[in-house]
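Structure first, commentary second.
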Amino acid sequence: YEGAGDEVKVVTTKPKFVPGSMAAEFKQILKAFALAETKSIDPTELVKIIRTHPLGEEFCDGGQHDCQEIMRVLMDSLHEDLNRARKEQAGQAGDPDEDGISEREKADRAWRRYLERDHSPITDLFCGQLQSSITCHKCETRCTMYEPFWDLSIPITKESMNKKGLSAWFGSGEPSLEDCLRAFTSDEILSGDEGYMCDTCKEVTTATKRLRIHRFPNTLIVHMKRFKCTMSSREKINRFVQYPATDLRLHEFSTAESGCKKGGATYDLVGQCLHSGTMLGGHYTSACRVEDSQGGNPVWQLFNDDKVNKLHVSQLISSSAYILFYSLRPEEAPGSGKKEKKKGKARKGEDKATAVMATTREEEQKGSGG
């Protein structure tokens, strides 16, 4: 307390964020899931830790918040806690000359540089690589850049696109997830005041900008832009988007250099976050594909606070879908040059994540004398 006489001011100190605390608490939650000793799990301690994170200050007001933003804070924190890379040594050798090398080698170098700084179970599971290219219309010189991504935020209406002009992918009907991805990766013409400064032509020219996926992540997170905010209004876009529960084929969005063949990069839906309500008030639920511990077929379940109900596959596709989680089938990953030895085998990144963040039921029972 500060002040004198009748004037009293309460001074509160925000708890400091402790590195490693997010991973430790997340591990406890995974242990609780594995043991299944209670019907529901209280994540209050995890929420408290999220609020102490430097990026989590806005979640301290007790109001409603975007689950995609909270998800990114959780992922960022877990990544920092579990990062295997030694940052003090990363990039010390400098970037080698990239003139004359192939696009695949250029992408591989960018990927290696990234993993020298950021390499964790989070990157194993969720990280992919985007290729951004710009082609000059005058000299046809093509310039490329490679950037990592953990999730893709895609438009679901023409108005939610950041690109100049309108897209042909959105008509009056119901777009598909593939339509939204086509709009996300559609070519953009740079001209006029927004023209491209070409290093070869030494002048501003008209150019085409293109976005493609070079490396597909083991788990693809797709975020639909359902919330629209302007200077004068805020609204939720309730447009229905068709998305497949199985066989999401993304080879058409791959780079020519990735080596992805037609029919490759196939994903199956394993989870989704649903939002019901409006910008002023709403509720989040999640639907997850739960594997059968006895080796049977997986089942879909709806998680609604402390209530869990089974879902039929026909109930999965919903206009409330906000974030989708797709798992890459255990086959050759485009751009990696590696192939799984046995179909159905858990991917290497998932094995590492499990080894770091989870403890098996057998180990827990031994430790407790059970």
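So that you can scan it fast, the table gives a plain yes or no per residue for (1) of a type outside the set (Lys, Arg); (2) within 16 Å of Ile156 (Cα to Cα); (3) in contact with a Gly (Cβ under 7 Å, 6 or more places away or on another chain):
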{"site": "Cys201", "(1), (2), (3)": "yes, no, no"}
{"site": "Thr219", "(1), (2), (3)": "yes, no, no"}
{"site": "His223", "(1), (2), (3)": "yes, yes, no"}
{"site": "Lys236", "(1), (2), (3)": "no, yes, no"}
{"site": "Val241", "(1), (2), (3)": "yes, yes, no"}
{"site": "Thr246", "(1), (2), (3)": "yes, no, no"}
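Here are Arg226, Arg234: which of them is more than 27 Å from Leu328 (Cβ to Cβ) and modelled with pLDDT under 95?
Checking each option against the conditions leaves just Arg234.
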Take Leu311 and decide whether it is closer than 21 Å to Leu250 by Cα and among the aliphatic types (A, V, I, L, M). no
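Might you check whether a residue that is modelled with pLDDT under 85 and in contact with a strand residue (DSSP E or B) (Cβ under 9 Å, 6 or more places away or on another chain) occurs anywhere in the range 102-120?
There is no residue in the range 102-120 that is modelled with pLDDT under 85 and in contact with a strand residue (DSSP E or B) (Cβ under 9 Å, 6 or more places away or on another chain).
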Output the residue which, of all residues in the range 168-222 that are open to solvent by less than 60 Å² (accessible area, probe 1.4 Å), among the hydroxyl-bearing types (Ser, Thr, Tyr) and touching a residue at least 60 places away in the same chain (Cβ under 8 Å), is farthest from Ala107 (Cα to Cα). Ser176
Of the candidates Cys67, Cys127, the one satisfying the condition of being open to solvent by less than 70 Å² (accessible area, probe 1.4 Å), under 20 Å from the mean Cα position of the chain (by Cα) and at pLDDT below 90 is Cys67
Top-ranked residue in the range 241-282 [being open to solvent by less than 50 Å² (accessible area, probe 1.4 Å) and more than 21 Å from Ser327 (Cα to Cα); ranked as modelled with the lowest pLDDT]: Met279
Between Ala34, Ala23, which is modelled with pLDDT under 90, of a type in the set (Gly, Ala, Ser), open to solvent by less than 70 Å² (accessible area, probe 1.4 Å) and not in a loop (DSSP other than H, G, I, E, B)? Ala34
Looking only at the range 129-146, and only at residues there that are part of a strand (DSSP E or B) and free of Cβ contacts under 8 Å to residues at least 40 places away in the same chain, the one that is farthest from Gly100 (Cα to Cα): Met145
By residue number, the members of the range 304-327 that are crowded, with 18+ Cβ neighbours inside 10 Å and without any contact (Cβ under 8 Å) to a residue 60 or more places away in the chain are Ser320
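Condition check ((1) acidic (Asp, Glu); (2) at pLDDT 85 or above) across all residues:
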{"position": "Lys16", "(1), (2)": "no, no"}
{"position": "Leu30", "(1), (2)": "no, yes"}
{"position": "Leu46", "(1), (2)": "no, yes"}
{"position": "Glu80", "(1), (2)": "yes, yes"}
{"position": "Gln89", "(1), (2)": "no, no"}
Qualifying positions in the range 190-226 - aromatic (Phe, Trp, Tyr) and more than 17 Å from the chain's Cα centre (by Cα): Tyr196
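The values are calculated or read from the model by the stated rules, or taken from the named source; none is laboratory data. All of these numbers come straight from a predicted model, not from anything done at the bench. Positions of Cβ are generated from backbone atoms using ideal geometry, with glycine treated the same way; all protein chains shown enter the neighbour counts. The protein model used for the area step is the full one, side chains on, heavy atoms only, and it has no ligands, DNA or RNA in it. Shrake-Rupley method; radii C 1.70, N 1.55, O 1.52, S 1.80 Å.
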